[in-house]
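Read the structure below first, then the notes.
Each value in this text was obtained by applying a stated rule to the coordinates, not by laboratory testing. Keep in mind the model is a prediction, meaning the values are calculated, not measured. When we count neighbours, we look across all protein chains shown, and the Cβ atoms used for this are built from the backbone with ideal geometry, even at glycine.
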Amino acid sequence: MKPTILIAVIITLGLLILSIILIVDLHQASDNEVINRFHDHQSMIVRHLTREIEQYLRDRSRGAQVLCTFASLQHRDMKKMPADIQEYFQLLYLASFAVFMGMGFLFGYTQERIKKANRKTADEVARGANP
């Protein structure tokens, strides 16, 4: 073999090896970037969910505190309890409510939702019919 051909082959092999090394490094760098962005996105979602859960628990705690202030609940007066709850929600500008004592659910409907109900009476909306 001639020395010039040997030098050309060595230079070609060197460039090929250098290209392979650069491609592998680029691939690893892009993998790391994708993983870092994924972790950042996951962390952002977890922080958001944490704030939402905290807010939900705070709201539930406030609701429980308000319910505990009702004398009818403290004395287990089931006849007076709906009237106390009705009075409380009227203070909050709710038009009507429905209390399902057995399940513990409390549903309220605002004046706006009742007005938007198509050809339905306020009683139907208060019972939980879809507007």
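One table, with the values for the structure above:
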| quantity | calculated |
| --- | --- |
| Shape call, the range 1-96: gyration tensor on alpha carbons, a/c limit 1.5 | prolate |
| Total formal charge among the other residues, if their Cβ is under 14 angstrom from that of residue 53, Lys/Arg +1 and Asp/Glu -1 | +1 |
| Backbone HN-Hα couplings from phi across the range 42-59 [Karplus 6.51/-1.76/1.60, Hz, Gly and Pro as x] | 4, 4, 5, 5, 5, 4, 5, 4, 4, 4, 5, 5, 4, 5, 4, 5, 4, 5 |
